[in-house]
1. By per-residue mean of other Cβ atoms within 10 Å, what is the highest-first order of 224-237, 381-394, 321-334?
2. Please order 169, 462 by the number of other Cβ within 10 Å, starting at the fewest.
3. Compare the peptides 145-158, 45-58 by average per-residue count of other Cβ atoms within 10 angstrom and give them in order, highest first.
4. Just subtract the alpha-carbon distance of residue 476 and residue 533 from 0.36 nm times their residue separation and send over the number in nm, one decimal.
5. Going by average Cβ neighbours within 10 Å, how do the peptides 76-83, 517-524, 203-210, 283-290 rank, with the highest at the top?
6. What are the semi-axes of the equivalent ellipsoid of region 213-318, taken as the square roots of 5 times the eigenvalues of the Cα gyration tensor, listed largest first and rounded to whole Å?
7. Under a plain spin-label model, where a point goes 7 Å from the Cα along Cα-to-Cβ, how far apart in nm are residue 354 and residue 278?
8. I'd like the FRET efficiency for residue 218 and residue 336, computed as 1/(1 + (r/R0)^6) with the beta carbon distance as r and R0 of 25 Å, rounded to 0.05.
């Protein structure tokens, strides 16, 4: 038995030694083969040393920490709309518009090169040779950035991100993506402000969101670090770095917009994104760039957060911004003129609006306003800012020099929008032409199409075969009309082979229908540079 065990041990030892020898041989062969292959692979440059990637190390600094901190609060905004179908005279030039303000020396001449230099990140149409043609009405998209200011889903962005540039109307749909969440939320507009190009939108998130930290833009100094975050060209969460280049920049004489200038790269799609200081606090809302090629050239402009906060607070309280007005335009940059008259401050009245507050109070053109309620007025912007912040209905005393005679003029402050109701760049698009005049067609107990119709304009009437119909200004989401493919700006010319010439005609047909009935709309729709007549049909759903 002992002999047997000894033989087993010797045999096991031999197997172990053989396995170890084979392992060493395989290892040596592998190393030799690797070296030969490496030498063979490096025939192009046998004397070059291969690159070796070092172990990853954390290079975090103030800016990387800032980016991680702010990312959850910055959102990507996508909007779409369908242009109206109407005949337009295309002369290849953009419409020219005088900037909205009470400052009379604001340019607005025939040369629009100055306006072209400053862009709010959305291109405008051009081209054409003056022919009368229907506008294209296929769906169009635009995008921008926003940032969360309330955990419940309130978001600040630019007005031009959520409106159609050519008309000033709100877009049809707004979608928001939050960092780290693949959901695309539908957003609704709480309110907008034309004169500061700001908008407040709201989403209904799954849970509480992370709002930004708001700073104080009055503390910003030229030379401070500035960080811009947004979605240029749709590239979400893009971070750029620069400094504050200047403060108090006024573009094209626009009131209420004294911008922070920065050389942090801002491009199309950055609209509405935050400009941050080194502490990660929002000091501005990125709004426009000065460019000659459509992209960043190191001159970007952000609206100071102190101005933004005032507008935001007005909107969430009232749904709009209310500013005071005295109903007068003022001359700017007249320091030399004032000096020649013996004054080192003040502002010269240019025009007085008929039946406006100043006219009723007795203010005259060429009066020099030296003080407001005894406080000296530095210039036109100073006076406009103080008047705008004065509650409507309150009275102020303007200390005036008229042809060398000092006098006091007591003016009652009026609502700026009402004073300038005839200026759409201040008061907004006039109501009555589009959705503002349209109402749902269904009454209590009636079937619902889910459309908001209005009467045709003369230009739209020319697009229909028999010069009649009604225009759809809005289609309710999830409605019967949306289900069958009805679109905003479609022209309904018939329902179930009955001609439609008015909103009352739609109501008449609607009153005869019940759930389960088949309905066929005959519709004129723009298609590229032409129109086509189509049928949209379906069965009315059960209530």
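Each reported figure results from applying straightforward, stated rules to the coordinates on display, with no laboratory input. Just so it is clear, the model here is predicted, and its values are computed rather than measured. Here the Cβ is made from the backbone with ideal geometry for all residues, glycine too, and neighbour counts use every protein chain on show.
1. Ranked by mean Cβ neighbours within 10 Å, highest first: 321-334, 224-237, 381-394.
2. 462, 169
3. 145-158, 45-58
4. Extra length available between residue 476 and residue 533 comes to 18.3 nm.
5. Packing order, densest peptide first, comes out as 283-290, 76-83, 517-524, 203-210.
6. 20, 15, 15
7. Computed distance between label sites residue 354 and residue 278 equals 5.9 nm.
8. Computed FRET efficiency for residue 218 and residue 336 comes out at 0.30.
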